[in-house]
Amino acid sequence: MAGSVACVILSPAVIRELGNTDPREVVADELAGQAVTFLAASFFIEAFSGRQILVTAIVGFLLFRLFDILKPFPIYRIQKLPEGWGILADDLLAGVYAAVVLQVSVMLWIA
């Protein structure tokens, strides 16, 4: 939540300063997207061993990065929202995609 608020409030100033609509210097959006990725994992992680938690964390991180980089539909379009909203929204949606794939993968893994 704090990453989302910080991104929407502070990134417009960074955009103006750097002249880039999605500056690499803004990382609050990445934190928010990662949080979304692992939100669902918190419901099933308690039954996992340390190794399973580590594998889940690595896979979740990689899935988020994959969706954040590839930007499948509609992530590419949503990043065009104005100012900080576009910076944040594309990472939140990438986090949702990653969370769904992670959840399905874990369900298949523990089944």
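Computed from the coordinates by the stated procedures, all read-outs in this text should not be read as laboratory data. Everything numeric here is computed off the predicted structure, so don't read it as measured data. Cβ atoms come from the backbone with ideal geometry, glycine included; neighbour counts cover every protein chain shown.
Is the range 59-69 home to any residue that is buried (at least 18 other Cβ atoms within 10 Å of the Cβ) and within 25 Å of Gly19 (Cβ to Cβ)? The answer is yes, given that some residue of the range 59-69 is buried (at least 18 other Cβ atoms within 10 Å of the Cβ) and within 25 Å of Gly19 (Cβ to Cβ).
Close contacts from the range 31-54, counting a first residue that is free of Cβ contacts under 8 Å to residues at least 24 places away in the same chain and under 22 Å from Met1 (Cα atoms) and a second that is polar (S, T, N, Q) and surrounded by 16 or more Cβ atoms within 10 Å (Cβ to Cβ), with Cβ to Cβ under 8 Å and a gap of 6+ residues or different chains, come to Ile45/Thr56. Is there a residue being under 16 Å from Ile9 (Cα atoms) and not aromatic (Phe, Trp, Tyr) anywhere in the range 31-45? Yes: the range 31-45 contains one or more residues that are under 16 Å from Ile9 (Cα atoms) and not aromatic (Phe, Trp, Tyr).
The set of residues in the range 57-72 being farther than 12 Å from Val36 by Cβ, without any contact (Cβ under 8 Å) to a residue 40 or more places away in the chain and part of a helix (DSSP H, G or I) consists of Ala57, Ile58, Phe61, Leu62, Arg65, Leu66, Ile69, Leu70. Within the bounds of the range 34-45, is there any residue that is touching a Gly at 6+ places or on another chain (Cβ under 9 Å), small (Gly, Ala, Ser), surrounded by 13 or more Cβ atoms within 10 Å (Cβ to Cβ) and under 16 Å from Gln103 (Cα atoms)? Yes, the range 34-45 has at least one match.
So which residues in the range 73-111 are outside any helix (DSSP H, G or I) and buried (at least 19 other Cβ atoms within 10 Å of the Cβ), if there are any at all? Residue satisfying the conditions is Gln79 alone. One residue stands out among those in the range 4-54 that are of a type in the set (Ser, Thr, Tyr) and part of a loop (DSSP other than H, G, I, E, B): the one that is farthest from Leu108 (Cα to Cα), which is Thr21.
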